[in-house]
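Encoded as structure tokens, the structure appears first; notes follow it.
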Amino acid sequence: MNETKETKQDESEFKSRCYGIIVIKSENSNFNADFTGNPRRLPDENGTIYATDKALKYAIRKYWVDNSQNVFVWKTFRKDNGKYLPYTLEERYKNMKEKLEKETPLEVFAECIDTKLFGITFAMQSATEGESKNISLTGPVQISYGVNKYVENIIFSNDILSPYATDSGDKSSTIGNENKAKEIYYVYDFVVNPSNILNHYEDNPEVQEKMMLRVGDIDSLKDALKNAVTNLNTASKVGSENMLTLFITMNEGSKVQIPTLKSLVRITKNSGNPTIDFTSVVKTLNNYGEKSMELYYDNTLIDVKGCDQIDNKHQSNNKY
């Protein structure tokens, strides 16, 4: 019989600034729709398809939820007179406070991986406790918009026939539609700055201690960055998958700031697998001091060019 072993997280402090790139493929899929139901477009001459940081953060949060980690910013429901209604902010806080057996918002946020990494603005007048709770935490992890770096920006629409009539007594079924992108490669930048919390709360040792970034937090982040989008299984997002993650860790104490890298990524496809060209990325990184680089990708789905100087290559996105 197989036994599941619980992995103990490394609680030591993580101090290094990190940078990286995530590539998400979306084929016959709609990873991030606007309010019209279409994949989002930039207001440029090509109508370049893009996705917000919120879309990727949603996928990351869902991955953590599915892996039984504490997540605060997540829609949950309560039953009220036979209906399921979403929790209010106060109800969510109270629910997590009781679950985690904590006394203050700060203690709750320190136990939730999403608020610890992404931060949170929390403003609530507690009617039950008779006090105002206002807290703003800037998380160490910041994620850019994801921009399509593949030459195509094609969107198509499918008509969908519903088995139900429009109104009672109608003989015709309703017709809807769904909009999807043909083949898109979103490229995201991300930054990890462990000093974000510490600098903003240098006079508050309680915040510094509770919100300190730890090695185990970074391990959870890496795991999600590699797998979160593939983990999504909604109808609109089937076909959206993690393709590649580049994780750059600067030497501890380094103050070097690396510019955004997604503009340097080139993605082409002739026949067979697409090719992601990192030549300009690696050339640029050579100008920014000592660092370690980890590259994760599935070599059965993509080819990567220009990554010979990256020693730590894992040719499978999924850790399993």
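Structure values in brief
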item: Pick from the range 141-154, criterion crowded, with 16+ Cβ neighbours inside 10 Å and over 30 Å from Ser195 (Cα atoms), ranking: modelled with the lowest pLDDT; result: Asn153
item: Residue match in the range 221-230 (condition: farther than 23 Å from Asn70 by Cβ, in contact with a Lys or Arg (Cβ under 9 Å, 6 or more places away or on another chain) and either modelled with pLDDT under 95 or β-branched (Val, Ile, Thr) (or both)); result: no
item: Conditions (1) closer than 27 Å to Lys25 by Cα; (2) not in a helix (DSSP H, G or I): number failed by Gln257; result: (1)
item: Matching residues, the range 59-86, being assigned to a loop (DSSP other than H, G, I, E, B), under 22 Å from the mean Cα position of the chain (by Cα) and among the small types (Gly, Ala, Ser); result: Ser68
item: Residue count, the range 87-110 (criterion: of a type in the set (Ser, Thr, Tyr) and either in contact with a Leu (Cβ under 7 Å, 6 or more places away or on another chain) or in a helix (DSSP H, G or I) (or both)); result: 1
item: One residue from Ser16, Ser26 being of a type in the set (Gly, Ala, Ser) and either more than 20 Å from Thr260 (Cα to Cα) or part of a strand (DSSP E or B) (or both); result: Ser26
item: Pairs, first basic (Lys, Arg) in the range 180-207, second surrounded by fewer than 16 Cβ atoms within 10 Å (Cβ to Cβ) and at pLDDT 80 or above, C-beta under 6 Å, six or more apart; result: Lys180/Asn28; Lys182/Ile154
item: The range 54-89, residues that are over 22 Å from Ile135 (Cα atoms) and among the charged types (D, E, K, R); result: Lys62, Asp66, Arg78, Lys79, Asp80, Lys83
item: Odd one out for Asp203, checked against (1) more than 30 Å from Thr104 (Cα to Cα); (2) at pLDDT 70 or above; result: (1)
item: Among residues of the range 260-271, those that are without any contact (Cβ under 8 Å) to a residue 24 or more places away in the chain and not aliphatic (A, V, I, L, M), counted; result: 3
item: Residue, farthest from Phe247 (Cα to Cα), within the range 138-156, restricted to residues that are under 18 Å from the mean Cα position of the chain (by Cα) and of a type in the set (A, V, I, L, M); result: Val147
item: Out of Tyr50, Tyr84, sole residue that is at pLDDT below 90 and not small (Gly, Ala, Ser); result: Tyr84
item: Residue check for Lys94: of a type outside the set (A, V, I, L, M, F, W, C) and modelled with pLDDT of 95 or more; result: no
item: Residues that are of a type in the set (Val, Ile, Thr) and surrounded by fewer than 15 Cβ atoms within 10 Å (Cβ to Cβ), drawn from the range 27-64; result: Thr36
item: Unique residue being in contact (Cβ under 8 Å) with a residue 40 or more places away in the chain, hydrophobic (A, V, I, L, M, F, W, C) and either out of contact with any helix residue (DSSP H, G or I) (no Cβ under 9 Å at 6 or more places or on another chain) or surrounded by 14 or more Cβ atoms within 10 Å (Cβ to Cβ) (or both) when the list is Val282, Val256; result: Val256
item: Subset of the range 47-93 that is touching a strand residue (DSSP E or B) at 6+ places or on another chain (Cβ under 9 Å) and of a type in the set (Phe, Trp, Tyr) - its residue that is nearest to Val23 (Cα to Cα); result: Tyr50
item: Counted residues, the range 212-244 - those being among the aliphatic types (A, V, I, L, M) and assigned to a helix (DSSP H, G or I); result: 7
item: Filtered residues of the range 260-299 (kept if assigned to a strand (DSSP E or B), within 24 Å of Ala224 (Cα to Cα) and out of contact with any Asp or Glu (no Cβ under 6 Å at 6 or more places or on another chain)); result: Ile267, Ile276, Asp277, Lys291, Ser292, Met293, Glu294, Leu295, Tyr296, Tyr297
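The values are calculated or read from the model by the stated rules, or taken from the named source; none is laboratory data. Quick caveat, the model's predicted, so the values are computed rather than measured. FYI the Cβ positions are ideal-geometry reconstructions off the backbone, even for glycines, and counts take in every protein chain you see.
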